[in-house]
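Here the structure comes first, spelled out in structure tokens, and everything after it is commentary.
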Amino acid sequence: DLKSATNGDADAMFRVGQQLQLGIGIETDEVKAASWYQKAATKGHLNAIFSYGTCLLTGNGVERDEKLGVANFLKAAKGGLAAAQFETGNLYLAGMGVEKDEKIALEWFKKAAVQGHIRAGEMLEEMK
């Protein structure tokens with residue numbers, strides 16, 4: 001994967017980021033993980049965009065940047081990634097980095113649930 005990632009393969013870049021973040025077959029390194037996520041994100045890889053957004057929101061491996069983190073979540077959610085749609089719903093529900101808005105949260109939960117995201121479906125039931 002590292003060779004493919006170094007050669008610009010976005011899927012490989014994302015996988016290397018995951019391996020570094022989770023310590024799969026390699027020592028955990030959140031800074032390098034965030035860097036690989038960012039590289040794959042610039043190539044439009046939705047999971048990488050979402051993962052990099054998570055790094056930005058939590059400050060794992062990068063300087064915390066709520067505004068940019070939310071922007072990454074929204075980009076991945078609008079791209080159709082169910083996990084990002086669910087987490088974007090959570091951002092709106094909590095008012096984290098965005099104005100609190102249960103109606104918008106509900107819309108994102110619905111989008112994720114339609115794709116089979118279990119926790120999004122559970123949130124819809126709880127919000128009835």
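The values are calculated or read from the model by the stated rules, or taken from the named source; none is laboratory data. These numbers come from a predicted model, not from an experiment. Here the Cβ is made from the backbone with ideal geometry for all residues, glycine too, and neighbour counts use every protein chain on show. Please note that ligands, DNA and RNA were not included when accessible areas were found on the heavy atoms of the full protein model with its side chains. Shrake-Rupley method; radii C 1.70, N 1.55, O 1.52, S 1.80 Å.
Points to keep in mind about this one:
- Pairs where the first residue, in region 63-84, is among the hydroxyl-bearing types (Ser, Thr, Tyr) and the second is surrounded by fewer than 16 Cβ atoms within 10 Å (Cβ to Cβ), C-beta under 6 Å, 6+ apart: none
- Among the residues of region 1-20, those that are in a loop (DSSP other than H, G, I, E, B) and either open to solvent by 70 Å² or more (accessible area, probe 1.4 Å) or among the polar types (S, T, N, Q) (or both) comprise 1, 7.
- Which numbered condition residue 29 misses (of (1) buried (at least 20 other Cβ atoms within 10 Å of the Cβ); (2) touching a helix residue (DSSP H, G or I) at 6+ places or on another chain (Cβ under 7 Å)): (1)
- Looking across region 85-106, just one residue is open to solvent by 50 Å² or more (accessible area, probe 1.4 Å) and either aromatic (Phe, Trp, Tyr) or within 19 Å of residue 46 (Cβ to Cβ) (or both), and that is 87.
- Taking the listed residues 69, 23, 59, the one that is within 29 Å of residue 99 (Cα to Cα), open to solvent by 20 Å² or more (accessible area, probe 1.4 Å) and not aliphatic (A, V, I, L, M) is 59, with no other qualifying.
- Failed condition for residue 44, given (1) under 17 Å from residue 80 (Cα atoms); (2) surrounded by 19 or more Cβ atoms within 10 Å (Cβ to Cβ): (2)
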